[in-house]
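Enquirer: I have a structure I would like to understand better, so I am pasting it below and will then ask my questions one at a time.
Please treat every number below as a calculation from the coordinates, not as lab data. Here the structure is a predicted model, which means the values were calculated and not measured. All Cβ positions, even for glycine, are placed from backbone atoms using ideal geometry, and neighbour counts span all protein chains on display.
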Amino acid sequence: MPRRRVCFVLPSLNGGGAERAAVQVLNALDPAAWDRTMYLFERNGPYLADLDPAITLASGGGRSRVHRWRALRRHLRVSRPELVVSFLSYVSVLTAARTAGAGARVVFNQQTPLSAFLDDADYQWRRPWHRRMFSVVTRYAYGLADGIIATSDGVSRDLVRRFGVAAERVRVVHNPVDLDAIALAAQEPIDTPFERYWHKPVVVAAGRLADAKNYPLLIDAFAQLRRRLPATLLILGTGDREAAIRSQIDSHGLNDAVILCGFQPNPWKYIARADVLVLTSRYEGFGNVLVESMACGVPVVATTSPGTVEIVTAGTDGLLVDEHAPEAVAAALERVLSDEPLRQRLAAGARNSARRFALPAIAAAYDRAFAEVFA
């Protein structure tokens, strides 16, 4: 049986959860069944090195969106994939595929709740009409796609209820975790510049320094925690909000207790040595870092959102915080850090829970979802 040609399309492979998931899933698809290609609008990002060398990597673009769109359409016209899977850039990929004349089926991979994205301050919806137009175009584009893969039930429900997507056209497939790779990476030593800050108990947070991650909530909560416990907080990630976060840390007098570590290609060696991983996002479509932390055997504390409630089983592998407020987050962190038997029980449960998201099982689920699109 001939291999089916599949092409994953992304803006780049910069350090985000969607990009990592795309690389892991494409790597894991059976090369005997799939002729695999990845197309990037810009060939950059730390996950380039993780892509299987057997996968064809193509890219093209220019300074404008029009140039990038034309380059993608040319690629699809020449390579003629049977399936195009779009991550993070939907309308341009759909129109390029349709006008390329290759007859490819198009699947959208939706990582976040669209309604939350429209409320996200990072995307600066300066004019109400711009936001409304995006919503209208999105509804139309999702109606034309051949299939949609959502990373959680919450993301799926948002598409159905808020954007009129037919429920039968959406398949929920969680993001994967490569358990073997994380176990190996977690054994590496911590970088020397950060060793001196490793004073127990240690709290680690990881993710873009962006509005959606709500680091101001975390810093305010940690300031309250420090009044009761001499903890240290390490934050892994970079982003546009770094200056504001540093200013908030300084205003609380926490410069010696909260350390910004920047982007770390191997965050797991830090997470694995932490006493707890904390995530205070305003919203999450999934929450990759939670699963990765569980794989390291580390309990998690997370604010509730569509994705986190599908990952964390409160009292089994971590704690969920319904109230997105400093007092509630600080109380949850204190509970984990001050109760050794609870922390050990949550750590054991976390490692067990992570197996639900093991890469082979998730890759098989993608394979089934793609088969349904062809059927």
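Enquirer: Sort 240-251, 69-80 by packing, meaning the average of other beta carbons within 10 Å per residue, with the highest value first. Let's see the in-between values first.
Expert: Values: 240-251: 14.8, 69-80: 18.1.
Taking the mean over residues of other Cβ atoms within 10 Å, the ranking is 69-80, 240-251.
Enquirer: Turning to a different aspect of this structure: Would you mind putting 335-342, 173-180, 351-358 in packing order, based on average other-beta-carbon counts within 10 Å, highest first? Mind showing how you got there, number by number?
Expert: Numbers: 335-342: 14.4, 173-180: 20.8, 351-358: 17.2.
Top to bottom by mean Cβ count within 10 Å: 173-180, 351-358, 335-342.
Enquirer: Within a Cβ distance under 15 Å of Asn175, other residues only, what is the Lys/Arg minus Asp/Glu net charge? List each step's numbers first, then the result.
Expert: Values: positive: Arg20, Arg171, Arg355, Arg356; negative: Glu19, Asp50, Asp153, Asp178, Glu284, Glu292, Glu310.
So the environment of Asn175 carries a net charge of -3.
Enquirer: So, one more: Measure nothing fancy, just the Cα-based angle from helix 340-354's long axis to the longest principal axis of the chain, in degrees from 0 to 90, nearest 10.
Expert: 10 degrees
Enquirer: Using only Cα atoms and rounding to the nearest 10 degrees, what angle (0 to 90) does helix 242-251 make with the longest principal axis of the chain?
Expert: 10 degrees
Enquirer: What whole-number distance in Å separates the alpha-carbon centres of segment 294-317 and segment 238-266?
Expert: 24 Å
Enquirer: Related question: Report, to the nearest 10°, how far helix 326-338 tilts away from the longest principal axis of the Cα atoms in the chain, using its own Cα long axis and a range of 0 to 90°.
Expert: The answer is roughly 70 degrees.
Enquirer: Here's something else I'd like to know. Please state the charge dipole magnitude for the chain, taken about the Cα centre, from unit charges on C-beta atoms (+1 on K and R, -1 on D and E), reported in debye and rounded to the nearest 20. Could you put the intermediate results ahead of the total?
Expert: Working: 45 positive and 38 negative charges, 321 e Å.
Charge dipole of the chain: 1540 debye, to the nearest 20.
Enquirer: Can I ask one more? Would you mind telling me which residue in Val66, Val204, Val276 has the biggest mean-square fluctuation in a Gaussian network model of the chain, where springs connect alpha carbons within a distance under 10 angstrom?
Expert: Checking each option, the largest mean-square fluctuation is seen for Val66.
Enquirer: Now, a different point. Which order, highest average first, do 298-307, 144-153, 45-54 follow once you tally other Cβ atoms within 10 Å for each residue and take the mean per peptide? Don't skip to the answer; put the middle values down first.
Expert: Details: 298-307: 25.6, 144-153: 21.2, 45-54: 14.2.
Per-residue Cβ counts within 10 Å, averaged per peptide and sorted highest first, yield 298-307, 144-153, 45-54.
Enquirer: Let me ask you something else. May I ask you to evaluate 6.51 cos²θ - 1.76 cosθ + 1.60, the Karplus curve with θ = phi - 60°, for each residue of segment 214-224 and list the ³J(HN,Hα) values in order in whole Hz, giving x for glycine and proline?
Expert: Coupling constants for segment 214-224: 6, 5, x, 4, 5, 5, 4, 5, 5, 4, 5 Hz.
Enquirer: Something else about it: Compute, for segment 179-356, the length of the dipole vector about the Cα centre, with Cβ point charges of +1 (Lys, Arg) and -1 (Asp, Glu) only. Units Debye, rounded to 20. Before the final figure, lay out the partial values.
Expert: On the way: 18 positive and 21 negative charges, 54 e Å.
Dipole about the Cα centre, nearest 20: 260 debye.
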